[in-house]
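The values are calculated or read from the model by the stated rules, or taken from the named source; none is laboratory data. Just so it is clear, the model here is predicted, and its values are computed rather than measured. Cβ coordinates were reconstructed from backbone atoms using ideal geometry, including for glycine residues, and neighbour counts include every protein chain displayed. Side chains included, ligands, DNA and RNA excluded: accessible areas come from the protein's heavy atoms. Shrake-Rupley method; radii C 1.70, N 1.55, O 1.52, S 1.80 Å.
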Amino acid sequence: MGARFEALDELFDDTLTLPFGDTEYVIPSPPAEDGLRVQRITSLAARLQAGGEAINTELLDDDEERDLLELCLGPVLGEMLSDGISWSRARHAGLTAMFWIVSGPEIAEKYWKTGGDPSLMAPPNRETRRAKKSGSGAASTTKRRGSTSGTSGRKGSGSGRKGGTT
């Protein structure tokens, strides 16, 4: 007999709530067709960036950028603009919603917290990771756990092994 699933409405919140001071804007999940368009646009940008291509021009012109933000924010973009939210903040909300649509709430939250600085989204470079790993430069004093089987865990030099010389 097949598994019985709970109703998706009980498991899934398909809204994103973004706070702006005392106001919270609740962004609805876009219709499937719009979500797919957002996926296509972002996957193109990711492929260009992953390929190491230097992009000298903007990927989207102003009208295309506004269209993307309307896809991501839906009717909330109009609310934001009529409430006097600046374009840069509305854009940040739209890009946060874009990350939510294509990558989920964890990535969207990470982007939101960057304040729009994409360099804060990048994984740390090797030098930064090494500096964090080494900490203050002191050696670790944590002892490794010994064997619980009564063996040393190491093979001898051969003198104690079968067939070895004594």
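If you count, for each residue, the other Cβ atoms within 10 Å and average over each peptide, how do 20-29, 95-104 line up from highest to lowest?
95-104, 20-29
Pull up all non-local amide H partners of residue 60: gap of 5 or more, or a different chain, and H-to-H distance under 5 Å with H placed in the peptide plane.
none
Going by accessible area, probe 1.4 Å, with all protein chains left in place, what is the ranking of 67, 9, 62, 83, largest first?
Correct descending sequence by accessible area is 9, 62, 83, 67.
Under a point spin-label approximation (7 Å from Cα along Cα-to-Cβ), what is the residue 34-residue 114 distance to one decimal in nm?
So the two model labels end up 2.4 nm from each other.
Can you list the residues, at least 5 places off or on another chain, whose amide H is less than 5 Å from the amide H of residue 20, using H built in the peptide plane?
25
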